[in-house]
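Working notes, structure below.
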Amino acid sequence: MTMSPPSAGSAVPSSESAVPSSGTAPSSAGNTTSSSGTPAPSSGTPAPSSGTVAPSGRPDVVDLYLKHIGSGRAVMGRVMGGMAEVRSEGPWIHADDGRRFLDFGGYGVFIMGHRHPAVVEAVHRQIDTHPLASRVFLEPVAALAARALAAHTPSGLDYVHFVNSGAEATEAALKLARAHGLTSVITTRSGFHGKTLGALSVTANATYQTPFQPLLPDVTQVAYDDPADLEQALAARRDRACVIVEPVQGEGGVRIPRHGYLSQVRALCRAYGALMVVDEIQTGMGRLGTWWGVDAEGVRPDVLLAGKGLSGGVVPVAAMVATAEAYAPFSRDPYLHTSTFGASPIACAAALATVRAMEEEETVARAAALGLRLLTAVRAVCAPYEGGLVREVRGRGLLIGIEFAEEQAVGELLLELISRGVLVNHSLNSTRVLRLTPPAVVEDTALDLFLTTLGEALRSTAGRMAG
């Protein structure tokens, strides 16, 4: 299926990692393409500065953020040019000043691009009939979505608990472990699992944890991709631990473990009576070129967390998927862990349509092929800077990280790319890594545009850093 341009929703990086030393805001989104795939002319107009008055007819969004959402976010909005994103489709996002941006960010949400037509249609249909449920009767869309999702999870992971966000999925898994009497949690350094209180307790980043301490008790951090360190922690917590791990650490800087690591984690959890939770919120739904990151090793965890891509880029939805044995406490008592909006018909309609569209369009295979092409091409573009500005380019599927020698380079390059009409992401737990999570619907013209723009941005950043 051909997707026509416009799309996305990339979050603004923290001030310490995203703002170049020069303090300059993005200037223009010149390197865009038209819906036909041909280059569109640059507007040539500088982005609004912090003192620019909003165009006539639209509110000053920066001012509204300042007054009602937060000064920090307002400041970052000004740094990014003061624009507001107002429209999206496929791999493109449109700003309120008329500019368009190629979205290679979105934090892993837009594997299907923005506003995938099949998902939009399903959601519209659900809105027209029954968007939210009374929660008194059975709700058929949730059941159908659960069946569709379970058809693609590892064998035996048949029970689906729908929630509204990845952090909520993590919370559900932690509570499920507690329901089994497993009160000790083992997480990995640089792991990221969300920022609600329980999820934050297993997100190994002091920047986000310290203001909210004390967090959950008895949480232990072990080294990622280090089975020996994990075994030592498990041996001290036999029959009372829950282990949560990512197949690839996304926010940790696209850290890819050695092949066999997840199999070793699985074996150790069995040996020491621990519940194995695999967080596939970012890595699942085809992002790594397989339905799930665990598929590469044929591993079946006790619990798998899904999200981001499950939304189809339309309605937020996430899920905790578990084996019958692991899910038993929630299965017996449906009121043990509930949410008013969890498994809403509108969200489940999006999830169901997303899974079906991915099947029909062979999105997973497309992500694998496109990811290999993109990784090879990005390495070629970065090759002249390796050993200097660039340390390493690594990735799997459509999750690619560019690691720089200096943290400042991430912010400089991020703003250079934005000024040229491309959105990417920084990494919250690895400030030297710029992260690419493009959609699988990117076509050759947009891919070429990205690579050309990346080369230009690298050249400009290298010159400024050297100066």
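Does a label point 7 Å from the Cα of Arg178, set along Cα-to-beta-carbon, have any residues of segment 330-345 with amide nitrogen under 11 Å, and which are they? Backbone N within reach: 337.
Over segment 129-256, what lengths in whole Å, largest first, do the semi-axes of the equivalent ellipsoid take, defined as the square roots of 5 times the eigenvalues of the alpha-carbon gyration tensor?
Numbers: eigenvalues 176, 60, 50 Å².
Those come to 30, 17, 16 Å.
Averaged over residues, the count of other Cβ atoms within 10 Å places the peptides 106-116, 292-302 in the sequence 106-116, 292-302, highest first. Among 284-291, 160-167, the peptide with the highest mean count of other Cβ atoms within 10 Å heads the list, and the full ranking is 284-291, 160-167. With R₀ fixed at 56 Å, the C-beta to C-beta distance from Val136 to Glu392 puts the FRET efficiency at about 0.55. Size descriptors for segment 282-389: radius of gyration and Dmax over Cα atoms are 18.1, 59 Å. Considering every alpha-carbon pair of segment 136-186, the percent of pairs per 5 Å bin, from zero through the bin containing the longest distance, is 4, 17, 18, 23, 23, 10, 4, 1. Give the residues of segment 158-174 whose amide nitrogen is closer than 14 Å to a point set 7 Å from the Cα of Thr196 in the direction of its Cβ. It comes to 161-174, nothing else.
Just the number, please: Stokes-Einstein D of segment 183-318 in µm²/s, Kirkwood Rh from C-alpha pairs, 25 °C, 0.890 mPa s. The partial results should precede the final answer.
On the way: Rh = 15.1 Å.
Result for D is 162 µm²/s.
Could you work out the percent of alpha carbon pairs in the chain separated by over 44 Å, rounded to a whole number? Across the chain, Cα pairs with separations above 44 Å total 11 percent.
Diffusion of segment 79-166 by Stokes-Einstein, at 37 °C in a medium of 0.692 mPa s and with Rh set to the Kirkwood radius over alpha-carbon pairs, works out to 203 µm²/s. The distance between label points at Arg258 and Asp158 comes to 3.7 nm (points 7 Å beyond Cα on the Cα→Cβ vector).
Given axes a ≥ b ≥ c from the Cα gyration tensor, I'd like to know whether segment 346-467 is rounded (a/c under 1.5), prolate (a/b larger than b/c) or oblate.
On the way: a/c = 2.25, a/b = 1.97, b/c = 1.14.
In terms of gyration-tensor shape, prolate.
For segment 180-222, the orientation-averaged shadow of the C-alpha convex hull comes to 3.0 nm² (one quarter of the hull surface). For Ile281, neighbours were defined as the other residues whose beta-carbon sits under 11 Å from its Cβ, and their charges (Lys and Arg +1, Asp and Glu -1) total -3.
Given R₀ = 30 Å, what would the calculated FRET efficiency be for Ala228 paired with Ala365, taking r from the Cβ atoms and rounding to 0.05?
Result of the calculation: an efficiency of 0.25.
Across segment 201-210, rounded Karplus estimates of 3J(HN,Hα) from the backbone phi angles (6.51 cos²θ - 1.76 cosθ + 1.60, θ = phi - 60°) give 4, 10, 9, 7, 8, 4, 4, 8, 7, 3 Hz, Gly and Pro being marked x.
Along each principal axis, taking the top coordinate minus the bottom one, the Cα set of segment 159-201 gives 29, 25, 17 Å in descending order. Extension gain, Gln221 to Phe341: 0.36 nm times the residue separation minus the Cα-Cα distance gives 40.0 nm. A straight Cα-to-Cα reach below 27 Å connects Lys308 with the lysines Lys175, Lys195, residues fewer than 8 places away in its own chain not being considered.
Each value in this text was obtained by applying a stated rule to the coordinates, not by laboratory testing. Remember, predicted model here, so these are calculated numbers, not experimental data. Cβ sites come from the backbone with ideal geometry, for glycine too, and all protein chains shown count toward neighbours.
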